[in-house]
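Right, one structure below, let's go through it.
The values are calculated or read from the model by the stated rules, or taken from the named source; none is laboratory data. Just so it is clear, the model here is predicted, and its values are computed rather than measured. Counting neighbours? That spans all protein chains shown, and the Cβs are built from the backbone with ideal geometry, glycine included. These area figures cover heavy atoms from the full protein model, side chains too; ligands, DNA and RNA do not enter into them. Shrake-Rupley method; radii C 1.70, N 1.55, O 1.52, S 1.80 Å.
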Amino acid sequence: MKRNPVLVMAMLLWVCSVSAQYQEATREQRDEIVSRITKSAGEMETMQGDFTQVKELSFMDEKVTSEGRMYYKKTNKLRWEYLKPYRYVFSMDGQNVRMTSGDKTSKVPVKSSRMFGEISKVMAGGITGSGLVDSPDFDAQFMVGKDDYKIILTPGKKELKEMFSSIQLFVGRADHRIRSVELIEQGGDKTTFVLKNVQVNTAIDDRLFAE
């Protein structure tokens, strides 16, 4: 079977272009990235902003897009409030995980479920990076781009390995804050969260995390 030389050349150029976007970090760069992300997270008392979630399912051609509002407060308090196309709330107050859809709310104590305990760490760590980029529970690969860092986390714990093949964080080089997160599931599904209109260290009512 003859190959079109123009097509082959175009594919090679595309592969080179994609690979050139990120270069693997040196040991010194890796240590510096972890240090700066940890410092940025340590200075962050609260964070809130809008998010877009894009779900790519292996059995569907079309992507499923949702939009909402995110709130974070230190000590693992987190609220993901989906507003479009339907309303759904996932919240954590440090002790319990609550999931609200319509008039129904389910509450699970974090300590009673190892699975929810691990999920809560991933969700909170996906906001600041703290507890993920330097966690012994993940094999981490650090990549350096022009405007951001790409950190590929491969879980080692059984609970997380059963759900995710990898968690990918995209961190801005200017402020060392997470811009987007990709959750790659074992079955091939992918969920991407993109944060925007972010505000840091503004007042947030604690009641948001307990409802």
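Structure data summary
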quantity: Residue within region 56-71 that is surrounded by fewer than 18 Cβ atoms within 10 Å (Cβ to Cβ), free of Cβ contacts under 8 Å to residues at least 40 places away in the same chain and touching a Phe, Trp or Tyr at 6+ places or on another chain (Cβ under 9 Å) present; calculated: yes
quantity: Identity of the residue in region 164-183, in a loop (DSSP other than H, G, I, E, B) and surrounded by 17 or more Cβ atoms within 10 Å (Cβ to Cβ), that ends up nearest to the chain's Cα centre (by Cα); calculated: R177
quantity: Residue within region 11-24 that is out of contact with any Pro (no Cβ under 6 Å at 6 or more places or on another chain), open to solvent by less than 40 Å² (accessible area, probe 1.4 Å) and modelled with pLDDT of 90 or more present; calculated: no
quantity: Residues satisfying the stated conditions in region 185-211, i.e. within 19 Å of M99 (Cα to Cα), part of a loop (DSSP other than H, G, I, E, B) and open to solvent by 90 Å² or more (accessible area, probe 1.4 Å); calculated: E211
quantity: Criterion (at pLDDT 95 or above and open to solvent by less than 30 Å² (accessible area, probe 1.4 Å)) met by exactly one of F138, F142; calculated: F142
quantity: Of all residues in region 99-119 being exposed (fewer than 12 other Cβ atoms within 10 Å of the Cβ) and of a type in the set (S, T, N, Q), the one that is modelled with the lowest pLDDT; calculated: S112
quantity: Filter pass, Y82 being in contact with a helix residue (DSSP H, G or I) (Cβ under 8 Å, 6 or more places away or on another chain) and open to solvent by less than 60 Å² (accessible area, probe 1.4 Å); calculated: no
quantity: Pair list, Cβ under 7 Å, 6 or more apart: region 158-176 residue under 24 Å from D31 (Cβ atoms), other residue of a type in the set (S, T, N, Q); calculated: S166/T154; F170/S180; D175/S40; H176/S40
quantity: Region 138-163: number of residues that are more than 16 Å from the chain's Cα centre (by Cα), closer than 20 Å to S113 by Cα and not basic (K, R); calculated: 3
quantity: Options F51, F59, F90: the member that is touching a strand residue (DSSP E or B) at 6+ places or on another chain (Cβ under 9 Å), among the hydrophobic types (A, V, I, L, M, F, W, C) and at pLDDT below 95; calculated: F90
quantity: Residue list for region 129-139, restricted to those being touching a strand residue (DSSP E or B) at 6+ places or on another chain (Cβ under 7 Å), within 19 Å of R79 (Cα to Cα) and touching a residue at least 60 places away in the same chain (Cβ under 8 Å); calculated: G129
